[in-house]
Every structure is written in C-alpha cells, then in structure tokens.
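The values are calculated or read from the model by the stated rules, or taken from the named source; none is laboratory data. Just so it is clear, the structure is predicted and the values come from calculations on it, not from any experiment. Because the Cβ atoms are built from the backbone with ideal geometry, glycine has one as well, and the counts that use them run over all protein chains shown. The area values use the complete protein model at the heavy-atom level, side chains included, leaving out ligands, DNA and RNA. Shrake-Rupley method; radii C 1.70, N 1.55, O 1.52, S 1.80 Å.
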Amino acid sequence: MGSVILSGVRKSYGDVEVIKGIDLTVADRELCVFVGPSGCGKSTLLRMIAGLEDIDAGSVLIDGVDVTEAAPAKRGLAMVFQNYALYPHMNAYDNMAYGLRRAGLAKEDVDRRVRAAARKLQIEALLDRRPKQMSGGQRQRVAIGRAIVREPKVFLFDEPLSNLDAALRIETRAQIAGLHQDLKATMIYVTHDQIEAMTLADKIVVLRSGIVEQAGAPLELYEHPDNVFVATFIGTPAMNLIPVELTAASPEVLSVRMADGGLLDVAGNWRKAEPGAKAQLGIRPERVSWGEADGSAPLGRVRLVERFGGETLCYMDMPDGSTVTAKAAGIAALAPGETVSLQFDLTGANLFDADGRSLRVRRTR
C-alpha cells in the first residue's frame with residue numbers, strides 16, 4: 001500500500017496557526033489514529049494529507065513520492081467523511097461505481113470491484129437502495145465501500161462513526177478493524193473518542209493545539225504517558241493525579257510524601273529529580289482498591305458510586321482536596337459518605353513534575 005511522511009507541516013488561517021510544525025511517519029499497512037479534543041487540528045491535518053487544505057510549510061510524502069503540491073485526485077487516497085457524502089439520486093451500487101466510471105474503467109472491472117467491496121461489507125442486499133432508504137450505519141458502509149473500490153494507497157477516515165448511535169458505533173468500529181486486517185491497508189483515522197483510538201489503532205497520535213503531544217502504540221500511551229495531558233486524555237476513567245512531594249531520588253526509585261504524611265516508593269527508570277520538588281503521582285483507577293478505614297493507609301470519603309454490572313467505579317475525595325477514582329470488578333457494596341482506606345498498586349505508576357512532564361526516562365522509539 002503506502003507510507004505517509006509529514007515533515008514540518010504547518011497551516012494557518014489568517015493570524016491563527018492551527019498546525020504548528022508536525023513531523024510524523026505512518027508506516028505502510030499501519031492503522032494510525034489522530035485523537036484529541038475539539039479544535040486540536042486533527043481533521044485539518046487529515047485534510048492537508050488529502051490535499052483538501054493547502055500546506056503553508058513543510059511536505060507530505062505518500063509511498064515515497066512528494067505530493068505536497070499534487071491535486072487530491074493524484075495522491076492515491078480515498079477518504080470517508082463524517083456525513084457520508086453520498087449522491088441522494090443514486091443507489092448504493094452507482095454511488096460506489098461513480099468514481100470508477102469517471103476514471104474510465106471497463107464496465108466489467110467496475111462491477112467486479114463494487115460487488116467485491118459489497119461482499120466484504122455485507123451490503124450486497126442494499127445495492128439497489130438509495131441513501132434515503134438506508135439507515136445511518138448502512139450509508140456509512142456504502143461510503144466505506146466507495147473508498148474500497150478505488151484500491152487506494154491510503155484510506156483516510158474523518159470521524160466516520162460520530163453520526164451513529166452507540167450500538168452501531170461498536171458494530172461499525174469492528175468492521176473497520178476487520179477491513180484493516182483483510183485489506184492490509186494503510187489507514188489514518190480521525191476521532192475525538194479515545195475508546196475508538198485505543199481499540200482500533202496500531203499507533204495513536206495525540207494532538208493538542210496543533211502539536212503532537214505523544215505518538216505511539218495504544219498501551220504505551222496508556223501505561224507511559226509523556227505528560228499530564230496524555231495521561232488524563234487516554235483512558236476511561238482518566239488517570240488519577242495525586243499531589244505529592246519528592247523526598248528522595250535515585251534513577252531506580254523515587255520516594256514521595258503524600259499530603260497526609262504517608263510515604264511511598266515508586267520504582268521505575270527515572271530522570272534526575274530534586275528532593276523537595278512538587279510532583280503528581282499518576283495511578284490508573286484499576287490499580288486503586290479500598291478496605292475498611294483503619295488508619296494504616298490514606299483515607300478517602302466516598303462521593304459517588306457508579307455500578308455497571310460487570311464493574312464498579314467509586315469516586316473518593318482525599319484530605320488534600322483531590323479526587324481518586326477506583327475501578328473494581330463486579331458490584332461493590334459502597335455508599336456515598338463512607339470513609340475507606342485506599343491501597344495503591346504502584347506497579348507501573350507514573351510521576352509528573354511541576355510542569356506536567358513525566359519523570360520517566362523517555363523510551364527510545
């Protein structure tokens with residue numbers, strides 16, 4: 001298929017710079033997800049790759065070819081939009097076939113590609129229907145089919161599931177993951193939903209305000225975020241951040257004091273840190289548990305309990321004013337107002353300095 005290399009790409013609208021010099025490589029056959037809050041620049045960056053937005057500086061290479069100045073139709077890409085963008089007067093077959101006919105493909109080749117894509121997407125029974133006769137999920141599958149028939153070097157998806165209800169999102173997400181495996185294609189996918197990012201991606205690119213905060217495998221970002229922004233954006237519920245003070249530091253262990261005076265030793269591969277510095281201890285909710293309040297561990301007062309059947313989330317207020325979320329399997333017998341002792345599993349715990357940067361030594365990529 002094809003790799004995508006962005007080198008120093010920038011984009012401004014008037015005096016507002018929205019993409020601020022991004023360098024990124026998407027490997028051949030990789031499913032790369034751009035994720036971030038609204039307005040972070042992820043859709044703009046995708047449209048720059050597609051050629052739908054001009055690039056003010058930098059370059060875009062697709063499969064080793066510089067396409068920075070190339071027209072969208074000459075880049076070997078296919079894009080799936082959020083709003084489907086189907087022709088309302090055409091049936092599904094004609095919507096999928098239209099681009100191929102415009103390109104001058106033989107009738108037999110057009111038919112072969114359309115029907116092969118329809119089989120992959122399980123929409124053969126819909127080929128005679130017009131968009132108004134289809135559900136949102138069916139329309140999106142037709143839009144995906146229209147991209148598949150072009151046999152592009154790279155597929156681009158711009159929040160393709162945002163108009164679907166929860167059940168259809170899960171179903172269509174699984175279909176996209178299956179297509180990636182079947183087609184062995186390079187895909188770049190934009191979403192604001194970090195659950196989609198975690199479940200789909202080979203690589204996640206977290207964007208904020210036009211820059212890349214971190215790029216890497218989903219579990220790498222989940223377990224070793226580079227900063228507080230990534231730590232709290234990736235993962236549901238978000239990582240707990242507890243104010244602490246460093247009391248002793250070595251490359252292998254950082255000792256910290258909590259607000260109640262309790263001491264904790266956090267093992268890891270740490271960069272240089274100074275005792276006395278303020279920091280934040282980062283712990284995922286599934287590594288927080290609770291027990292009877294006996295004074296042997298930090299105390300938390302239960303503020304809210306959410307029961308989902310298979311798991312329970314408990315939100316607890318700490319004496320220092322921070323809130324800690326704990327996740328437990330099954331149904332927990334807790335009630336708001338209770339005071340419990342908190343236990344922290346420090347395996348893989350993170351520490352962030354006063355500027356919100358991870359104190360871990362950054363892994364070589």
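Overview of results
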| read-out | value |
| --- | --- |
| Pairwise FRET efficiency - S209 versus L105, Cβ, R0 = 35 Å, nearest 0.05 | 0.20 |
| Percent carbon-and-sulfur accessible area, the chain, ignoring ligands, DNA and RNA, probe 1.4 Å | 49 percent |
| Quarter of Cα convex hull surface for the range 13-116, i.e. mean projection, nm² | 9.0 nm² |
| Euclidean distance between Cα centres, the range 248-264 to the range 152-178, Å | 44 Å |
| D_trans [Stokes-Einstein, Kirkwood Rh over alpha-carbon pairs] for the chain, 10 °C, 1.306 mPa s, µm² s⁻¹ | 69 µm²/s |
| Sites N83 and R29 - FRET efficiency at Förster radius 41 Å, r taken between beta-carbons, to 0.05 | 0.90 |
| Probe 1.4 Å, protein heavy atoms only - accessible area per residue of the chain in square angstrom | 46 Å² |
| The range 170-260 - convex hull of alpha carbons, volume per residue in Å³ | 136 Å³ |
| Span from the the range 275-349 Cα centroid across to the the range 1-78 one, whole angstrom | 42 Å |
| Accessible-area order (highest first, 1.4 angstrom probe) of the listed residues Y13, Y315 | Y13, Y315 |
